[in-house]
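Structure record follows, encoded as structure tokens.
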Amino acid sequence: MSSRLTVRNRILDDIDRGSAAAARVDLAILEAIKFYVAQRFRWNQGRSNFLVSQEFTSLSASFVEIDSLRLQRTATQEDPLVEKNWKWIDERKRDTADSSEPIFYAIQYNQLRLYPEPDQTYSVVSAYHYDLIAGVSSLSDSFSTGWLGEGEQMIRLHAQADVEINYIKGPESIAEGQLHLGQSREIFKQLRRRKNRQDGAGRMEAWI
């Protein structure tokens, strides 16, 4: 797995620029990761268990989207919670003192909302899509996650295209940048196909 420093140095070598361009390359790497944050890959999905005991539970800053939520009844039994929107819950919530075992959930203002409101503490299991760089304004030289592992080529080419098109400029650099941007997009498609095959046992997820 590459580090940010390794990726930066490779881009600097490829564009034949010295350390004066290092800061701009570092920014391009961060921006390339941010560009793809909303997309699902094998390295930015996960599962977690946590406890809920009230109607609203704050979600972490790294939260992007919940894929599924299951109420853990016992060590061997989990029941799926049904996703609704918060307006649907508002229309049905009459007595604020009512509480019971939750059946439905919604995401509202970066909070998990359960309905009915829990009458005790429950353990839930979540499958989710998360942001590995939430709140990050710069990356350390040692930064190394799936973005610079399995996704390294995609991120590197996207970042290099950014530098060539928006920093170096000039007809030749812009042409090179467009080429690298196209290569990055092709790698993106390959990574998405790999992710979809893993998630769906060969069934492809529709995406544009």
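The values are calculated or read from the model by the stated rules, or taken from the named source; none is laboratory data. Keep in mind that what you see is a predicted model, and the values were worked out from it rather than measured. Here the Cβ is made from the backbone with ideal geometry for all residues, glycine too, and neighbour counts use every protein chain on show. Surface accessibility is based on the protein's heavy atoms, side chains included, excluding ligands, DNA and RNA. Shrake-Rupley method; radii C 1.70, N 1.55, O 1.52, S 1.80 Å.
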Might you check whether a residue that is at pLDDT 95 or above, among the small types (Gly, Ala, Ser) and surrounded by 14 or more Cβ atoms within 10 Å (Cβ to Cβ) occurs anywhere in segment 131-142?
no
Residues within segment 88-116 that are assigned to a loop (DSSP other than H, G, I, E, B) and touching a residue at least 40 places away in the same chain (Cβ under 8 Å), tallied:
2
Determine which member of the set ILE168, ILE174, ILE155 is within 16 Å of ARG40 (Cβ to Cβ), out of contact with any Gly (no Cβ under 7 Å at 6 or more places or on another chain) and open to solvent by less than 80 Å² (accessible area, probe 1.4 Å).
ILE155
Residue by residue through segment 57-78, note down the ones that are charged (D, E, K, R), part of a strand (DSSP E or B) and surrounded by fewer than 14 Cβ atoms within 10 Å (Cβ to Cβ).
GLU65
Name the residue that is farthest from TRP86 (Cα to Cα), counting only residues in segment 2-56 that are acidic (Asp, Glu) and either buried (at least 16 other Cβ atoms within 10 Å of the Cβ) or over 18 Å from the mean Cα position of the chain (by Cα) (or both).
ASP16
